[in-house]
Every structure is written in structure tokens, then in C-alpha cells.
Amino acid sequence: MTDNYSHPPPASPDCAPAPILVMAIEAGGERLDRFLAGALRAHGAPSRTRIQRWIAAGAVLVDGRPRLSDHRLTGLEAIEI
């Protein structure tokens, strides 16, 4: 997987950056928003609140489908931002 986290910040503070694919291996039982906040933290992640906004806007897909912030991951999903 290439490092897609070095993109410049988006023009609007509420829009998501260019698509990023995250594999949720070992994330079983964790909430979607918490997992993304932790997984992206080392790469200058936005706040969990901003991630929740992306999720609410449908900018985050789990296996190709929008989910809610409190969606519990199984650990086998592909997450697209």
C-alpha cells in the first residue's frame, strides 16, 4: 500500500482528502470512527470530530457502502476515505 497520507490539506476543513484505502485488519469490534482516528493518527490525522463529519457525509465507505460512525468493524473490511 502506498502512503497516501502526505496530500496537502483539503481546501474546505469539512471535505475529505483524496481517496485512501485502509484495511481494518485486527479492528474487530472497534467503532469505525475510533479505528480511523487511531489508524490515521501517525499520518497527521484530522480530529475524530472531522472524521465523524466525513462519515456522516458519506465520504467514508466500508466495503463500498456508507456506514455510521458507531458501526462496529469485524476486522475484514476495506475502508475507503
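A few remarks follow.
- Within the range 43-62, considering residues that are modelled with pLDDT under 90 and exposed (fewer than 13 other Cβ atoms within 10 Å of the Cβ), the one farthest from M23 (Cα to Cα): S47
- Qualifying residue in the range 38-57 (condition: of a type in the set (V, I, T) and under 14 Å from I81 (Cβ atoms)): yes
- Residues of the range 21-40 satisfying the condition of being in contact with a Leu (Cβ under 8 Å, 6 or more places away or on another chain) and either of a type outside the set (A, V, I, L, M, F, W, C) or open to solvent by less than 30 Å² (accessible area, probe 1.4 Å) (or both): V22, A24, A27, G28, G29, E30, R31, L32, F35
- Every residue from the range 27-49 that is without any contact (Cβ under 8 Å) to a residue 40 or more places away in the chain and of a type in the set (D, E): D33
- Scan of the range 1-42 for residues that are modelled with pLDDT of 65 or more and part of a loop (DSSP other than H, G, I, E, B), ordered by number: I20, A24, I25, E26, A27, G28, G29, E30, A42
The values are calculated or read from the model by the stated rules, or taken from the named source; none is laboratory data. Bear in mind the structure is a predicted one, so any value in this text is a computation, not a measurement. All Cβ positions, glycine included, derive from the backbone under ideal geometry; neighbour counts span all protein chains shown. Each accessible area value is taken on the protein alone, full model and side chains, heavy atoms only, with ligands, DNA and RNA left out. Shrake-Rupley method; radii C 1.70, N 1.55, O 1.52, S 1.80 Å.
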